[in-house]
Every structure is written in C-alpha cells, then in structure tokens.
1. Given the structure, is residue 213 in the same structural domain as residue 235 (by TED's automatic domain parsing), in contact (Cβ under 8 Å) with a residue 24 or more places away in the chain and over 15 Å from residue 296 (Cβ atoms)?
2. For region 109-128, indicate whether the set of residues that are under 20 Å from residue 185 (Cα atoms) and out of contact with any strand residue (DSSP E or B) (no Cβ under 6 Å at 6 or more places or on another chain) is non-empty.
3. Determine, yes or no, whether residue 187 is in a strand (DSSP E or B) and surrounded by fewer than 16 Cβ atoms within 10 Å (Cβ to Cβ).
4. Filter region 286-298 for residues that are crowded, with 19+ Cβ neighbours inside 10 Å and either closer than 19 Å to residue 463 by Cα or more than 12 Å from the chain's Cα centre (by Cα) (or both) and give the result.
5. If you go through region 82-96 one residue at a time, do you hit one that is at negative phi and under 17 Å from the mean Cα position of the chain (by Cα)?
6. Only one residue in 187, 207, 178, 271 is over 17 Å from the mean Cα position of the chain (by Cα) and at pLDDT below 95, so which one is that?
7. Return a yes/no flag: does region 245-267 have any residue that is surrounded by 14 or more Cβ atoms within 10 Å (Cβ to Cβ), farther than 21 Å from residue 299 by Cα and either in contact with a strand residue (DSSP E or B) (Cβ under 7 Å, 6 or more places away or on another chain) or at pLDDT 95 or above (or both).
C-alpha cells in the first residue's frame, strides 16, 4: 500500500488536470475502478487538494458524469481556467455508445464554479470535431491566455482523417476573446509522428515556449518541444521526454514560482513483472526546471524529499569499488523496507564500462531489481537481474538517455514507495514498478573500472 505517492482508496488514478489557487494545488483527475480494465464504469472528475504533494484532502467526485445517454457519459480530460471572476472547466464529454448511433463520441464541453469545488455544467458544446478530423479522437482541451495576441487560446489533441494512415495525430487550436465564441485556426503542431496527441499543454519559461503532448503509438510517454515563438517552429531536444514509459499523460502547472508535472505511474496487468502496462495507476509529481541550454529537467518536489523521518549515513568516508573485466559489488544496507529514499554521489574513471544500483536484492542468490548505467551508451535502464530464465521483466520503454562523463560527480536519488521506484539523476527521471521482491538489500556495483561513492544516505519512514 502506498504511503507517499497518491492513489485514492479503491481506485486507480487517471489523467490529471492541475490548477493552483490561493496556496493550494487542486488536482482534478479521473478514477478507474478496473471493472473491467480499462475504463470500466463511467467516471467524472474527482478532486484531491495538496500544498506539499505528500498530504492530500480527498473531495471525491466533484464534476459528475452524465447519464448513459448523455454526451458526457464519461468525462475525459480537459483543463481548469480562471477568467472574468469565474472558474471554468473545459472538458471532453465522451459517450462510448455514440459512434454506433452515427454521433461524435467526443465533444468539448464546459462547466463553471465560484469555489473550485462545486461545479455547474452548462448546456454548451464548446467546439465539435471539425471537418477532416476524426470525431472519435478530439479531446483534452487546454486553455491559456496569450498576452501577445490579447486572446484566449485553446489547444487540444486530434487526428486527421487520411485514408488508412495511422500517424496523423496533431494538436489543433482555437482562439477566443470571450471564452464562448471560438475560431478554429487549424493545426498547432502536426508532425506526422504519432497516431494521437493526448493531454497537450503549453507554457513559457523565460523567453522560451514549451509544448507538451503525450502519445501512445511510439514510446508511449509524455514528450515536449521548444520554440522562441508560440507560432513555432517547434524543435525537439535530444532528450524530448521527462520520464519513462511508466509515466503517462503528464500535465504541468505553476504556483507562480515553480512548475510541477503531474503524471501517473501505471500498474501492470495482474501485478505481474512480465505483463504489460495498464491505464491508470498512482500519481507521481515532478518539479520542472530549465537548464542553461533551455532544455527541461525534473527533480523530486521539496515536500517529497523532506518528508522522510529517519536518516542513516551508510558510509563514513569515500568508498571506491574497483574491477577489471568483472563486477565488483558492495551492500550499503541489508534491510531497506518498502518506503525509503536513497541518495549517493558517484564518480567514475574514464575506463569504466558500467555501474548500477540494485534494489531488494536477495543476498543468497543475488536476485534483484537493477538500475543500470551503461556509460558508453549514455543511458540508464531498469530490469531484473540476473535475467534468467530470460526474460524475467517486461522492460520495454524503461530506459532514459543520460550523458555520462568520467571524473564528474553525479548525485543519484531513488525514492521507493511500495511497488514504485523513482530514479532522479542530472534532471532525468525514470519511474517503474516492482512486484516480486525476493530480498531487502540495497547494493551498488561497478563493471570494468573504478567507482567512487560519497554521501550515501538512506532515509525511511514519514514525518
């Protein structure tokens, strides 16, 4: 059972629509009961509020879904916006039965509130699917104010109808001066890379605009593009993602000082390491920061890093692991428990091939989960070790690019909450799930080279 990351009791956390007001984050989200999975029984928007991403007030469902014959049989994703002294919820009304009746299954709709908790639906249909676009893939509106154009802009995910072609996903946009009448402007970003764009989001940091989308036909994760203008052109950084396959549908919001990313870590079918990922899971929040080259990195929010109660220094002085044509390993702790934060500073020599951190290792067999840093390949991945009989973990998508340079100090942080492990290093995150823990040991190793360890600390329990 999760103690740190948020998951409502009896439900799985779906797409999040974050909003910040008066010192509080309001996290509107979908809740799936897996009866059956996914999208079992119709859902509306539920609400959880937090100030620190550790403690949450649960308000249950605050924007209820409509009846089985209504356009909003399900309330899919959208966004919350404040304007003209009122709060607006722009959402996707989805009826899974409408296509058989010759109706669009997804239409954008609107509700209003004066307190962010009690919502009143309107009878308005904000914008219907435009000609040339799939009426069953038209969702997840995000509304923002463009000060340069002095107008409201709404972007949403869509896909074009082009014969049998699949990679026609795009982000389209509308503009408005009154939030009621919207002018369709066409494609905002149409790269012909993905089948669909979900949960689009855009924001500005300094002089750079960022466009976020989530896709499920390539790497199945949230990525971003950069531009000096809201009109583009949009450019991809070398690493265009924030996290791994196991972090989906992430939307961002700022409290005026810091920006945070709200995504969910999926579960695996039947809680089985070998199985595929499912829709919905557990909320994990990243803090987003801008690097000097204008690319984006993420790290754990301060509230999460400071919540652990008990601190243990695992080494008193620097420790160096050395190996030649072999693997050298050391245990740092032999009983971590299922809730902890581990931090260490590492530095490796130029001849080093790889190093890694093993979680929940069984001391007798060496069986463990493994964050492996492949230096020559400039990547970190997650898997089960030893991988025998091959394979023991379905790890497709559980790797991240990471520039690894010799004689440079890297600070590594791993947060474990029950079945979830979150790795942070140099602005790169990698989330994953672990369902079969054969031991409780924490180990670190090096392959073909020298690895120096400093400031190894284990923190457990919550304040």
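1. Values: in the same structural domain as residue 235 (by TED's automatic domain parsing): yes; in contact (Cβ under 8 Å) with a residue 24 or more places away in the chain: yes; over 15 Å from residue 296 (Cβ atoms): no.
Here the answer is no, as residue 213 does not meet what is asked.
2. There is no residue in region 109-128 that is under 20 Å from residue 185 (Cα atoms) and out of contact with any strand residue (DSSP E or B) (no Cβ under 6 Å at 6 or more places or on another chain).
3. Details: in a strand (DSSP E or B): yes; surrounded by fewer than 16 Cβ atoms within 10 Å (Cβ to Cβ): yes.
Yes, satisfied.
4. Residue satisfying the conditions is 296 alone.
5. Restricting attention to region 82-96, the residues satisfying the condition of being at negative phi are 82-83, 86-96.
Checking the rest, the ones that are also under 17 Å from the mean Cα position of the chain (by Cα) come to none.
No, there is no match, as no residue in region 82-96 is at negative phi and under 17 Å from the mean Cα position of the chain (by Cα).
6. Numbers: 187 fails: at pLDDT below 95; 207 fails: at pLDDT below 95; 271 fails: at pLDDT below 95.
Residue meeting the stated conditions: 178.
7. yes
To keep it simple, each residue is scored yes or no on (1) touching a helix residue (DSSP H, G or I) at 6+ places or on another chain (Cβ under 9 Å); (2) outside the structural domain of residue 192 (by TED's automatic domain parsing); (3) within 29 Å of residue 22 (Cβ to Cβ).
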site	(1), (2), (3)
88	no, no, yes
99	no, no, no
115	no, no, yes
128	no, no, no
136	yes, no, no
145	no, no, yes
148	no, no, yes
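The values are calculated or read from the model by the stated rules, or taken from the named source; none is laboratory data. These numbers were taken from a predicted model, which means no experiment stands behind them. Counting neighbours? That spans all protein chains shown, and the Cβs are built from the backbone with ideal geometry, glycine included.
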